[in-house]
Amino acid sequence: MRSICANLRRDADWRAAVLGGGVAAADVGTMDSTQMLGAAARAAREAAARRAMKAAMKVDGAMVERSTAFTCPACGANDVEVRTEGGGASARNDCTKNEIWGNKEEDNMGAGKATVQCQRCKFAWSKG
């Protein structure tokens, strides 16, 4: 009930749809929070989801994510894309499991190896 009240208060588009009869009163109680969004709020949420998906996606088996943790040595910008080749969290977890079970292969430890590319000037460099 609190979610319904909050969404009616916050979202003028959805409130107009409910009050205008575009949404049946019986359906309101069974809707989840995403169904209670008006067109503008739904578009903003979908755009945020697309940006989040693009910010961290796997490409060719590598983890690619946007970051501000590095500064480009060529232009000084800190908007970079970091591509981690096989050394991500799951690889480190697998190595930890191997160590627990007695298989300590040092060449499995690819953690820390990454290619960083500046999004402003497209300069790329290796890290790790």
Residue list for the range 25-34, restricted to those being exposed (fewer than 10 other Cβ atoms within 10 Å of the Cβ) and assigned to a loop (DSSP other than H, G, I, E, B): G29, T30, D32
Identify the single condition in (1) at positive phi; (2) modelled with pLDDT of 70 or more that G61 does not satisfy, given that it satisfies every other one. (2)
Considering only the range 20-45, how many residues are of a type in the set (D, E) and farther than 20 Å from M1 by Cα? 0
Just to verify a result, which residue in the range 1-24, among those that are outside any loop (DSSP other than H, G, I, E, B) and loosely packed, with under 12 Cβ neighbours inside 10 Å, is farthest from the chain's Cα centre (by Cα)? L19
With the condition kept exactly as written, say whether any residue in the range 79-88 is of a type in the set (V, I, T), at pLDDT 85 or above and not assigned by TED's automatic domain parsing to the domain that holds D13. yes
Top-ranked residue in the range 35-56 [being of a type outside the set (G, A, S) and in a helix (DSSP H, G or I); ranked as farthest from the chain's Cα centre (by Cα)]: R42
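The values are calculated or read from the model by the stated rules, or taken from the named source; none is laboratory data. Owing to the predicted nature of the structure, the values given are computational and were not obtained by experimental measurement. All Cβ positions, even for glycine, are placed from backbone atoms using ideal geometry, and neighbour counts span all protein chains on display.
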